[in-house]
Ligand SMILES: Nc1ncnc2c1ncn2[C@@H]1O[C@H](COP(=O)(O)OP(=O)(O)OP(=O)(O)O)[C@@H](O)[C@H]1O
Ligand SMILES: [Mg+2]
């Protein structure tokens with residue numbers, strides 16, 4: 001079935017036939033990996049599939065989007081690392097009894113690194129950078145002492161620059177390059193920032209990790225899965241079903257939403273046949289369901305000079321009259337907002353197919369009547 005709203009795994013996980021074996025091979029060989037893809041493209045699902053569903057590795061997962069500062073991030077990391085060494089609820093135990101915790105730590109045989117954690121904590125964390133870097137060392141120490149070969153997933157890694165600054169990258173790199181018992185997996189949805197961190201020569205993370213890009217789901221794979229679902233339901237379909245999947249470009253989230261809407265429509269209305277009109281109706285419905293999110297994206301561009309004009313011009317294939325330097329800067333900025341992608345020299349595309357559709361509406365009045373022109377979806 002088609003599940004939406006949260007990352008998927010197991011039976012809900014479709015395709016990624018090319019990505020899974022490579023990703024697992026990297027992990028087995030302790031090769032650090034960076035995975036970049038636009039928002040909602042299935043990064044977390046891929047991680048969940050490998051780590052939670054297939055359960056082949058010991059892993060620590062932290063989401064940097066949810067961290068407010070380096071200390072809170074370090075706390076999360078330490079909590080998980082120490083639980084691998086048999087110390088559950090580290091922070092809670094610390095609050096209850098420092099001497100009790102000290103005894104436990106000394107009993108688990110991880111050299112004196114546990115004492116160092118306590119020193120950091122005892123008088124309230126003084127230097128959050130040092131504390132954070134220390135938390136990384138704890139993972140390494142525990143992984144190596146307990147022979148766990150821990151895989152360490154840092155989701156939304158580009159947010160490290162939101163909670164800290166460029167220098168933290170240098171500091172991190174100099175600490176983790178010595179780690180031999182930990183494999184790092186960096187995920188990120190702002191492709192240009194991730195590329196800067198991992199592919200620009202001046203960056204401390206240059207060539208540190210193998211880079212994998214997640215693009216849309218394989219259409220053939222998705223179509224096979226979809227056909228099976230509707231065949232089971234005894235719902236017939238014509239070629240528009242495949243055309244619609246092609247139109248959605250394998251966008252994992254939107255494809256799942258559209259197919260799910262179609263599936264429930266099939267049940268509720270006892271549908272016999274999926275045709276072009278049905279597909280168009282469901283597409284329109286799902287675009288409108290995502291409208292608040294999409295309009296928020298648009299309104300963010302309107303707050304910055306010329307951003308909306310440039311975005312609009314990309315969606316509609318015309319060029320705006322701006323000098324090349326401003327245009328360059330706006331492109332970079334739209335990339336950093338995660339909205340566009342550079343496909344070849346000077347050529348950009350909109351990452352989000354529904355955002356593109358919304359930007360292509362000629363008559364905003366129609367939107368009020370909940371009608372949408374979907375120009376590129378033809379039978
Ligand atoms: N392999 C897949 N099979 C089926 N559906 C998928 C798959 N990958 C992603 N999806 C769909 O896309 C949605 C978004 O996936 P996920 O949360 O993994 O993406 P993400 O890239 O981590 O997103 P975000 O940038 O918001 O963190 C899921 O809720 C699911 O509906
Ligand atoms: Mg995610």
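FYI, it's all coordinate maths here, none of it is from the lab. Since we're looking at a predicted model, the values are computed, not measured. Heads up, the Cβs are rebuilt from the backbone with ideal geometry, glycines too, and the neighbour counts pull from every protein chain shown.
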Can you give me the P(r) profile for segment 49-104? Cα pairs, bins 10 angstrom wide beginning at 0, each as a whole percent.
21, 41, 30, 8, 0
If you wrap a convex hull around the alpha carbons of segment 272-335, what volume per residue comes out, as a whole number of Å³?
100 Å³
Highest mean first, what order results for 73-83, 323-333 on Cβ atoms within 10 Å?
73-83, 323-333
What fraction of the Cα pairs in segment 291-368, stated in percent, has a spacing above 21 angstrom?
21 percent
Global geometry of segment 10-213, whether rounded, prolate or oblate, following the gyration tensor of its Cα atoms and the 1.5 cut on a/c:
prolate
Angle in degrees between helix 113-122 and the longest Cα principal axis of the chain, rounded to the nearest 10
80 degrees
Kindly provide the Kirkwood hydrodynamic radius of the chain in Å, to one decimal, from all pairs of distinct alpha carbon atoms.
23.3 Å
Relative to the first principal axis of the alpha-carbon coordinates of the chain, what is the inclination of helix 166-176, with its axis defined by its Cα atoms, in degrees from 0 to 90 and to the nearest 10?
60 degrees
Roughly how many Å is it from the Cα centre of segment 256-316 to that of segment 173-234, as a whole number?
25 Å
Helix-only estimate, please: 222 nm mean residue ellipticity of the chain, summing -39500 (n - 2.57) across DSSP H runs of length 4 or more and dividing by its residues, to the nearest 500.
-16000 deg cm²/dmol
Counting just the Cα atoms, what span does segment 232-326 cover along each of its three principal axes? Round to the nearest Å and put the largest first.
57, 24, 20
Degrees, to the nearest 10: 252-268 long Cα axis against longest axis of the chain
60 degrees
For the chain, what's the relative contact order in percent, using C-alpha pairs closer than 8 Å and at least 6 residues apart?
19 percent
Please list the equivalent ellipsoid semi-axes of segment 7-59, computed as the square roots of five times the alpha-carbon gyration tensor eigenvalues, in descending order and whole angstrom.
17, 14, 10
